[in-house]
Amino acid sequence: MSFIRSHILVCTGTGCSSSNSEQIIAEFEKQLVAQGMDKEARVVRTGCFGLCALGPIVTVYPEGACYTHVTVDDVEEIVSEHIVKGRIVKRLLNRNVAEEGAVTSLTETQFYKHQQRIALRNCGVINPENIDEYIGVDGYAALGKILTEQIPPQKVIDVVKASGLRGRGGAGFPTGLKWQFTHDAVSSDGIKYVCCNADEGDPGAFMDRSVLEGDPHTIIEAMTIAGYAVGAHQGYIYVRAEYPIAVKRLETAIGQAKEYGLLGKNIFESGFDFDLELRLGAGAFVCGEETALMRSIEGYRGEPKTRPPFPAVKGLFDRPTLLNNVETYANITWIFNHGPEAFAAIGTEKSKGTKVFALGGKITNTGLVEVPMGTTLRTVVEDIGGGVPGGKQFKAAQTGGPSGGCIPASLIDTPIDYESLASIGSMMGSGGLIVMDEDNCMVDIAKFYLEFIVDESCGKCAPCRIGTKRLLGLLTKITEGNGEPEDLDTIEELCNHIKQSALCGLGQTAPNPVLSTLKHFRSEYEAHIYEKRCPAGVCKALIQYVVDPAKCKGCTRCAQGCPTGAISGAVRAPHIINQSKCIKCGACMEHCRFGAISKQ
Amino acid sequence: MKTLAELQAIRDKMRQQIDLRDASDDRIRVVVGMATCGIAAGARPVLNALLEEVNKRDLKNVTVSQTGCIGVCRLEPIVEVYVPGQEKVTYVKMTPEKVASIVSEHLVNGRVVEEYTIGAAE
C-alpha cells in the first residue's frame, strides 16, 4: 500500500495562469509518472498565494518550500531533486522577499509575517475545484450547524453584528445592520433576495477575483447563511465577464454544492431552500454601484437610481435585497467558526478584522496582502511590500481607486482603517493600493483617474456626465502647459459641486483623486501653472530632452535609436535634438551610455 | 448530503490529506535520508513503512519528510526525528521492521528507542 506523502501546490489564479501554470501542471504530472513518483506525490491546483510578482508559484509540502518564477524546464529538476531525493532546489527559492539567504517556507518571509489571513485563508491552500477539500478545512460546518440546530435567524444576525464586520466594498457600512434591515423589511409577496457584488472594477484591485478563484465555496456558504438569516431563497452573484477563471470556478462550485445538497431544496433536512445563480456583467464600471448592479441583474441597462428607498427595503425586482461584496462574504464563515469575539478582537475600535489590499505600482512585492485593520501604511509598503524598487523615494499611495485619494509620504504612519483614511481625504474603497515614487506626476495621476471616470460615467446625471468631462478638460489644460492661476479655484469649485449633486456614489466620489492631490500636492499643480514645469518630468508638453555637449561623445547611438529622426550630429561631435520633431519618448536617454541626455 | 455526520465524514477524510500542508513548527518531523546511499541501502521501504504506520495510527502532528545525504553513508538508512523543543534523535541502519517500534515508542509515547540510535551503533 502506498501513501501520498507530498503535495505539489501550483497556483492557477489569473496571474500565474497567464505565465503558463497550466503547462507546469501538465509537466509535473508527466514527470511524476516518468520518475515513478505518481503514487507518492500529487499535484494540487490552488488559488492565488498573493505573491503575484513572483509567479508562477509552486509550493511543495510537507516541507512548505516555496518556489518562485518556475518554468516548465524547472519541473524535471524539482521532481528529481525534491520529490525523489528530498533535496530542496535552492536556486528556485524565493530570495526576493527574504531579508537574507533563502527562506524556504512562504510563511517565514517578510511578505507573510505581518499578514493575518481571514478572507484569503484558503487561497493557495486548497484546491478550489474540489468541494471535499473545502469541507476538509471546516467548510460548510457553519451552515450545517446553523441549519441542523435551527438557530433562529435573529441570533445569526446578532453574531454578524457582534463581530463588528463592515462592508469591504468601499463605504464600510456595518454588515450586521444591513442584514437586520433586510430581515426586518416586509416583502409584499414574501420574496427577498441575496446578492453578491463581484463586479470588481477599480483599476488595480483584484482581491475579489482571487477569493472567487481560490475559495469559491466560502462565498456560496456565506450567501446561503445570509439567505437563511434574512429570509431569502434565491441569490445572485453578479460577476464581471472579464474574470473567466472566477466564473468557471464559481460554476463548478455551485454545481458541486447542488450535487451535495448544500444548495437547493431542504438543505440539511431543515426545510430551508436556497438557490444561487450567476449573472455576468458586461464591463461597465457603474454596475459595481449597488442600484445599477440590481438594474443590470433585472435585465435593464445598468444605471443607478436615487436612494432611498435602499435595497434592503426595495431592491432587486422591487423586493427587499441584501447586497454584500465578495470580501465581506469571505469573512462570514470564519466569524461563525471562530466566534464573533475572535473577529472583533482584531483591528481597531471602529474597524474590526482584516482588510485585503492589492499592492501595485512602484513596489517590490506586487501582490495581494491581508493585514489587520489599523496596520500602518508604512508596514504595508515597506515591510510587506518591500519598499519602492530602484532606490527611489516613496512619494504617495493611492487607495480606493477612482473614488479614493492619494496619501502623501508625510502621512505614511497613518493607520489603515475606515475613519483614518476618510479623515485624510482618501477612502478604504475596495482595497487597491497603488504606490507612487518620485517619477510620478500627481497632476497626471489625477488626470488618469478622471479619464477613467469620464469613460465609465453612465451619463444619467449631468454633474457626473458633464462635470467630470469639464474637470478633465481643466486638468489636461494644466498638463499641457496652458494652465492659468484661476484654474485651481475653478477646479475646486467644480469638484465640490459634483460631490454634492451627483446621483450615485461613483459620481459623488469622482472628484476625490483631484481634491486629495490638490490638497497634498498643491505645489506640483502650481509648478505646472506658474513655472510651466512638471517636477516629476512626466507631462510631455512641459519637458525637453537635451544633450549635454560636454558629455556627448558623438557615438550616434541616440540618433540611431530615435524613432522620429529628431537627432542630428556628426560622428565624434556633440549631437543636437530638434525639439520640433521630438516626441519625448525617452528612447535617446535609454540609448545613451554616457549620461549625456537629460530631461529638463 | 442530509446530515452533519455525512459532512463530518468527508471532513475527517480530507483533513488528514490537507494536514500535510501545515508547515508549522509545532509538529514532529520525521526525516528519512534519501540520497543515493540511503536509497541503495533500502531507505524507500523504510519511508513507505513510516508513512503506512503514521497513517494507520492517524498521527495528525507528525510530518514525514525526506532529505539528502547526512554524511554517514555506512549507517544508512538513517531516520531522524525532530520533536519541537528537543534535541534531534538519529536512528541508523533502519529497516521496515524497526519502524513500528519507533512510531509507537518515540512518536506516540515520547520514549527514544535507544538501541536503534546512532549512539548505540557507534
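Show me the GluC sites (Glu not before Pro) within segment A:417-491 that DSSP assigns to loop and that have at most 11 other Cβ atoms within 10 Å of their Cβ. Don't skip to the answer; put the middle values down first.
Details: sites: A:E419, A:E438, A:E451, A:E456, A:E480, A:E486; in loops: A:E438, A:E480, A:E486.
Those that pass, being in a loop and sparsely packed, are A:E486.
Hey, what angle do you get for helix A:153-163 against the long axis of chain A, alpha-carbon based, 0 to 90 degrees rounded to 10?
Between helix and principal axis, roughly 40 degrees.
What is the spin-label model distance, in nm, from A:D413 to B:Q16 if the labels are put 7 Å beyond Cα along the C-beta direction?
With each label placed 7 Å out from Cα toward Cβ, I get 5.4 nm.
Calculate how many DSSP beta bridges within chain A are antiparallel, expressed in % of all such bridges and rounded to the nearest 5.
On the way: 34 of 62 bridges.
Within chain A, antiparallel bridges account for around 55 percent of the total.
Can you find, among A:C464, A:L515, A:N496, the residue sitting farthest towards the positive end of the charge dipole of segment A:442-530, where Lys and Arg contribute +1 and Asp and Glu -1 at Cβ?
So the residue furthest toward the plus end is A:C464.
Once you keep just the Cα pairs under 8 angstrom separated by 6 or more residues, what percentage relative contact order results for segment A:354-437?
Working: 184 pairs, mean separation 30.6, N = 84.
Dividing the mean separation by the residue count of segment A:354-437 yields 36 percent.
Residues in segment A:338-361 near a label at A:L177, defined as backbone nitrogen under 15 Å from the 7 Å Cα→Cβ point?
A:350-352
Using only C-alpha atoms and all pairs of different ones, pull out the Kirkwood radius for chain B in Å with one decimal. Please list the in-between numbers first.
Numbers: mean 1/r = 0.0655 Å⁻¹.
Roughly 15.3 Å, rounded to one decimal.
Working from the alpha-carbon coordinates of segment A:438-565, get Rg over Rh, Rh being the Kirkwood radius.
Numbers: Rg = 18.1 Å, Rh = 16.1 Å.
Reported Rg/Rh, Kirkwood definition of Rh: 1.13.
When the chain is fully extended, how far beyond the present Cα-Cα distance does A:K469 get from A:Q393, taking 0.36 nm per residue of separation? Spell out each step's value before the answer.
Numbers: separation 76, 0.36 × 76 = 27.36 nm, distance 3.26 nm.
Taking 0.36 nm per residue and subtracting the Cα distance, the gain is 24.1 nm.
Give the relative contact order (percent, whole number) for segment A:442-530; include only Cα pairs under 8 Å separated by 6+ residues.
Values: 93 pairs, mean separation 34.1, N = 89.
Reported relative contact order: 38 percent.
Do the alpha carbons of any pairs in A:K392/A:K499; A:K90/A:K355; A:K362/A:K553; A:K314/A:K460; A:K258/B:K56; A:K85/B:K56 sit beyond 26 Å of each other, and which pairs?
Working: A:K392/A:K499 35 Å; A:K90/A:K355 33 Å; A:K362/A:K553 33 Å; A:K314/A:K460 21 Å; A:K258/B:K56 33 Å; A:K85/B:K56 24 Å.
Correct reply: A:K392/A:K499; A:K90/A:K355; A:K362/A:K553; A:K258/B:K56.
Mind pulling the angle between the C-alpha long axis of helix A:442-456 and the longest principal axis of chain A? Nearest 10 degrees, somewhere in 0 to 90.
Helix A:442-456 and the main axis of chain A meet at about 50 degrees.
Working from Cα positions, state the angle (0 to 90°, nearest 10) between the long axis of helix A:175-184 and the longest principal axis of chain A.
50
Count neighbours as other Cβ atoms within 10 Å of each site's Cβ, and list the trypsin sites (Lys or Arg not before Pro) in segment B:23-122 that are DSSP loop with at most 13 such neighbours. Before the final figure, lay out the partial values.
Working: sites: B:R27, B:R29, B:K56, B:R57, B:K60, B:R74, B:K88, B:K93, B:K98, B:R111; in loops: B:R27, B:R57, B:K60, B:K88, B:K93, B:R111.
Taking segment B:23-122 and a limit of 13 other Cβ atoms within 10 Å, the loop trypsin sites (Lys or Arg not before Pro) found are B:K60, B:K88, B:R111.
Can you tell me, using C-alpha contacts under 8 Å and at least 6 residues apart, the relative contact order of chain A as a whole percent? Don't skip to the end; give the middle numbers.
Values: 1259 pairs, mean separation 68.5, N = 600.
With pairs under 8 Å counted, the relative contact order is 11 percent.
If exposed trypsin sites (Lys or Arg not before Pro) are those in a DSSP loop with at most 10 other Cβ within 10 Å, what is the longest stretch of chain A that has none?
Values: sites that count: A:R572, A:R593.
Excluding the exposed sites themselves, the longest stretch runs over A:1-571.
Under the definition of partner shielding as Cβ atoms of other protein chains within 10 Å of a residue Cβ, what is the mean value for peptide B:6-19? Numbers along the way, then the final one.
Values: counts 5, 12, 3, 1, 9, 10, 2, 3, 10, 4, 1, 8, 12, 3.
For this peptide, the per-residue mean of nearby foreign Cβ atoms is 6.
Normalised by the empirical 2.2 N^0.38 Å for globular proteins, what value does the Cα Rg of the protein assembly as shown take?
Details: Rg = 29.5 Å, N = 722, 2.2 N^0.38 = 26.8 Å.
Relative to the rule-of-thumb radius for its length, the protein assembly as shown sits at 1.10.
When the dipole is taken about the Cα centre of segment A:131-342, and only Lys, Arg (+1) and Asp, Glu (-1) are charged at their Cβ, what size is it in debye, to the nearest 20? Mind showing how you got there, number by number?
Details: 20 positive and 28 negative charges, 121 e Å.
My answer is approximately 580 debye.
Can you put A:S426, A:S410 in order, fewest other beta carbons within 10 Å first? It would help to have the intermediate numbers written out before the result.
On the way: A:S426 25, A:S410 9.
Ranked by crowding around the Cβ, least crowded first: A:S410, A:S426.
Could you work out Rg/(2.2 N^0.38 Å) for segment A:354-437, with Rg from alpha carbons only?
On the way: Rg = 11.2 Å, N = 84, 2.2 N^0.38 = 11.8 Å.
For segment A:354-437, the normalised Cα radius of gyration comes out at 0.94.
Given +1 on the Cβ of Lys and Arg, -1 on the Cβ of Asp and Glu, and no further charges, what dipole in debye does chain A carry about its Cα centre, rounded to the nearest 20? The partial results should precede the final answer.
On the way: 60 positive and 69 negative charges, 268 e Å.
For this selection, approximately 1280 debye.
Tell me which aspartates and glutamates have Cα within less than 13 Å of A:K350's Cα, excluding those fewer than 8 residues away on the same chain?
A:D417, A:E419
Using 0.36 nm per residue of separation minus the Cα-Cα distance, give me the extension gain between A:E590 and A:D73 in nm, one decimal.
182.9 nm
No value in this document is a laboratory result; all are computed from the given coordinates. Note that the coordinates shown come from a computational prediction; the quantities given were computed from them, not determined experimentally. FYI the Cβ positions are ideal-geometry reconstructions off the backbone, even for glycines, and counts take in every protein chain you see.
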